[in-house]
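Taking it in order: structure first as structure tokens, then the write-up.
The values are calculated or read from the model by the stated rules, or taken from the named source; none is laboratory data. Quantities reported herein were computed from a predicted structural model and do not represent experimental measurements. Note that each Cβ is placed from the backbone with ideal geometry, even for glycine, and that neighbours are counted across all protein chains shown. For the accessible areas, the whole protein counts, side chains as well, though only heavy atoms, and no ligand, DNA or RNA atoms are used. Shrake-Rupley method; radii C 1.70, N 1.55, O 1.52, S 1.80 Å.
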Amino acid sequence: MSNRHFLLWQKIHRWTSLVCTVSLLLLCVTGAPLILKDEIGAWTGATVEPPDLPGVTTQASVDAMVADALKRRPGDAVRFVSQSDDSPAWFVSLGRTPDAADATAVYKYDARTGALIHAIPQKRGAMYVIRELHTALFMGLPGTLFIGAMGLVFVASIVSGVVVYGIYMRRLPFATVRRTRSTRLRWLDLHNLLGIATTAWLLVVGVTGVVNTLAMPLLGHWQRTELTAMTSPWRGLPPVTAATGMASVQRAIDAAKRSAPGMDVAFIGYPGSRFSTPHHYMVFLRGDTTLTSRLLRPVMIDAADGRLAASASLPWYLTSILLAQPLHFGDYGGWPLKALWLAFDLVAIVVLASGVYLWWRRRDAMQMRADASGHPRANPDGEHP
Amino acid sequence: MNGKRINVWRWPIALNAAIVCGLAVALLCDAQPLRWIAWILVGWSLATIGYAVWRR
């Protein structure tokens, strides 16, 4: 590669990195507590797990949980009911109307006894602030898409960084850290080593993060296209409500599970909610392995009689988002994977911060040399970035 | 440094491939022995990076 090409890649790496560094630092700093959200929740009391009940294998009726939730907030409507994937618990989410964007309350119930475990606080607390900063910058969809754009710039920064590394390290053994030279050179070597050693993880988390930011637009696309086509035979039918006679949610769950043996319920969109139609329960089923538990299958249950209406696979783009989530969150391998994610997250912070330091010191070095010689120099000592 | 051209990519590819294989095995395989393979791959990769930093 010619010197001209090297300088071009160096420039791409420098500017793509500078553009996304502040956003990425924010994402890495807020990402660390999100990796440990379960532990932090248990520690602060924001999360309450079901008690140990040795020998108890009963399954409480979800209908009773829904009735209890509605009794606690008369006038509200059920939006969703979901089942925890790592503890025997159900969640009932209420809103002012079934299609409300925001929950007024989310109650957690013991799946074995039906007892209320916890009323989950809504839109408050440090973890809420951290999650909002990480996912939307408190700006809703525009904030999420901005983060996605920064993620794309970050991927360009990684790719250009790998190219620059390949040229720069041609005559240096792997993991060279020149401790006896300047501080800047030592940090440059560490930046190179930590960056190249964690490239795959940075790319995996960066690309899956970008994919995650597209979740809401793609979900909207699915609702407008395939879900609309799936529900077209029932278009124009009157909404099913408690007043008109509605089949119980437990009946809908049983019908959905009978249609797909070996699968379990992930969550249920109530009739009229954002994930269903006014005439149906939309039951999303999941598999029972690490991978298939992330993949959902929507099953429509007629809310008037509790019978199976239709079933379909999710399109590839929504499946991609569901598959991207565990690879972004690192939540599929217990505490070893969480520890790994946390370690790599801290390494990423060091790589980002050292990149800014190298750029700043390079400016200083170039300025000092220009002042000393009376004319500008292109590069302080043949280093990048 | 000594004018000898070296293989720049051998170690980066080995380390990153180990990490990717480890993460993929942990995601795709539920069998416990395979999970151990995942952690061994990732552990080997991290240990090598740590050793490289310490040795230099």
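Points to keep in mind about this one:
- Remark on A:Thr47: its backbone amide H falls under 5 Å from those of A:Ala42, a criterion applied only to residues 5 or more positions apart or on other chains, H modelled at 1.01 Å from N.
- Inter-chain shielding of A:194-203 (mean C-beta neighbours from other protein chains, 10 Å cut-off): 6
- Protein heavy-atom accessible area occluded, A/B pair - total, 1.4 Å probe, Å²: 2900
- MRE, 222 nm, helices only [DSSP H, n ≥ 4, -39500 (n - 2.57), over chain A, to nearest 500]: -17000 deg cm²/dmol
- Three semi-axes describe the equivalent ellipsoid of segment A:268-311; taken as square roots of 5 times the Cα gyration tensor eigenvalues and ordered largest first, they are 22, 11, 6 Å.
- Computed from point charges on the beta carbon alone (+1 for Lys and Arg, -1 for Asp and Glu), the dipole magnitude for the protein assembly as shown about its Cα centre is near 2100 Debye.
- Percent breakdown of C-alpha pair distances by 10 Å bin, ordered from the shortest bin, for segment A:1-99: 12, 22, 23, 16, 11, 10, 6, 1
- Sorted peptide list for B:37-44, A:139-146, A:295-302, criterion being average Cβ within 10 angstrom, highest first: A:295-302, B:37-44, A:139-146
- Per residue of peptide B:6-16, the mean number of Cβ atoms on other chains within 10 Å of the residue Cβ is 6.
- Rounded, prolate or oblate (a/c below 1.5 giving rounded, otherwise prolate when a/b exceeds b/c) for segment A:208-287 by Cα gyration tensor: oblate
- Candidate lysines for bridging to A:Lys108, where Cα separation is under 21 Å - those fewer than 8 sequence places away on the same chain excluded: A:Lys37, A:Lys71, A:Lys123
- Per-residue mean of C-beta atoms belonging to partner chains within 10 Å, peptide A:323-331: 1
- Mean separation of Cα contacts under 8 Å, 6 or more apart, over the residue count of segment A:103-171: relative contact order %: 15
- For segment A:113-223, pairs of C-alpha atoms spaced more than 23 angstrom apart make up 54 percent of the total.
- Close amide H partners of A:Phe174, meaning residues 5 or more places away or on another chain with modelled amide H under 5 Å apart, do not exist here.
- At 0.692 mPa s and 37 °C, Stokes diffusion of segment A:42-147 via Kirkwood alpha-carbon radius, µm² per second: 215
- Dimensions (Å) - chain A, Cα atoms, principal axes, largest first: 87, 46, 36
- Relative to the compact-globule estimate of 2.2 N^0.38 Å, the Cα radius of gyration of segment A:187-324 comes out at 1.37.
- Near A:Ala105, once Lys and Arg are set to +1 and Asp and Glu to -1 for all other residues with Cβ below 9 Å from its Cβ, the sum equals +1.
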